[in-house]
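Taken together, the values in this text are just the output of simple stated rules run on the coordinates, not laboratory data. Keep in mind that this is a model prediction, so the values were computed, not measured. Reconstructed Cβ throughout: ideal geometry from the backbone, glycine too, with neighbour counts over all protein chains shown.
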Amino acid sequence: MRTDDANDNHLAGMLLVAMPGMPDPRFERSVIYLCAHSSEGAMGIVVNQIAENVEFTAIVEQLGIEPTTDAANLKVHVGGPVESSRGFVLHTQDYVHENTLLIDAEFALTATVDVLKAIASGTGPRQRVFALGYAGWAAGQLDAEIQKNGWLIAPPDEHIVFELDDTQKWTGALNKIGVDPSLLSSTAGHA
């Protein structure tokens, strides 16, 4: 499944980078990969917040899936406050299932047990972020937050999303667009 209408899904595939002073503490210093954006709303996965005391192996074992040793190292992220008990895998397109959402040329999203089985068996996507929950916005809400300087927009980057340490993703995304984090003000405003 893919939405190709650039006007209706124009920010899908971009990174949202929280500005200092983000009023919602759940998104402080967060980097969100935006999976969908239209006039009806937006949806994304926070890629730099680790879920405390949650292990991937425990999750898949609860589903009756026997994980390989490699699966034990997969971190579980807090993808956002919406549907926080549901799993989402943001991943490279080397794994595509019939229910996979192809977002852009590199990134895809799958939210089925099949992708968890593939990851647990070592046959899943080459690179991935497993998250519980997602970030969601109602119609016009994200656009308003961007206009109020709540978010910066950065181009997608596999290195930032999949390879950087989670503590470095926010700074990495800002550096990608040429912004020095030490120069950002926590007070929003317009010139």
Residue 176 to residue 10: FRET efficiency via 1/(1 + (r/R0)^6), r the Cβ-Cβ distance, R0 22 Å, to the nearest 0.05? 0.70
Phi angles of region 111-124, converted by Karplus (6.51 cos²θ - 1.76 cosθ + 1.60, θ = phi - 60°) into ³J(HN,Hα) in whole Hz with x for Gly and Pro, give 10, 10, 5, 4, 5, 5, 4, 5, 5, 4, 8, x, 10, x
Between residue 50 and residue 94, what is the spin-label point distance in nm, taking each point 7 Å from the Cα along the Cα→C-beta axis? 2.4 nm
Any lysines with Cα under 17 Å of the residue 117 Cα? List them, leaving off those in the same chain fewer than 8 positions away. 75
Calculate, for residue 141 and residue 61, the FRET efficiency according to 1/(1 + (r/R0)^6) with r their C-beta to C-beta distance and R0 35 Å; round to the nearest 0.05. 0.40
Of the residues 123, 57, 112, which exhibits the maximal mean-square fluctuation in a Gaussian network model of the chain defined by a 10 Å Cα contact cut-off? 123
Report the full-extension gain for the segment residue 112 to residue 152: residue separation times 0.36 nm, less the Cα-Cα distance, to one decimal in nm. 11.4 nm
I need the phi-derived Karplus couplings for region 130-146: 6.51 cos²θ - 1.76 cosθ + 1.60, θ = phi - 60°, integer Hz, Gly and Pro marked x. 9, 10, 9, x, 8, 9, x, 10, 6, 3, x, 5, 5, 4, 5, 5, 5
Region 18-124: trypsin sites (Lys or Arg not before Pro) falling in loop per DSSP and having at most 14 other Cβ within 10 Å: 75
Taking amide hydrogens as modeled 1.01 Å from N in the peptide plane, which residues meet the under 5 Å criterion relative to residue 127, leaving out close sequence neighbours? 92
Candidates 154, 36, 144, ranked by Gaussian network fluctuation over the chain, Cα under 10 Å, top entry: 144
Which longest uninterrupted range of the chain lacks any GluC sites (Glu not before Pro) assigned by DSSP to a loop state (not H, G, I, E or B) and surrounded by at most 12 other Cβ atoms within 10 Å? 99-191
What's the local net charge at residue 131, with K and R +1, D and E -1, over the other residues with C-beta under 10 Å away? +3
Given backbone amide H placed at 1.01 Å from N, residues whose amide H is under 5 Å from that of residue 14, ignoring those fewer than 5 places away on the same chain, are 34
Computed [θ] at 222 nm, deg cm²/dmol, the chain (DSSP H ≥ 4; -39,500 (n - 2.57); rounded to nearest 500): -4500 deg cm²/dmol
To two decimal places, what compactness ratio does region 15-183 give when its Cα radius of gyration is scaled by 2.2 N^0.38 Å? 1.01
Which of 23, 181, 111 sits closest to the plus end of the dipole of region 15-183, meaning its Cα is farthest towards the positive end, when Lys and Arg get +1 and Asp and Glu get -1 on the C-beta? 23
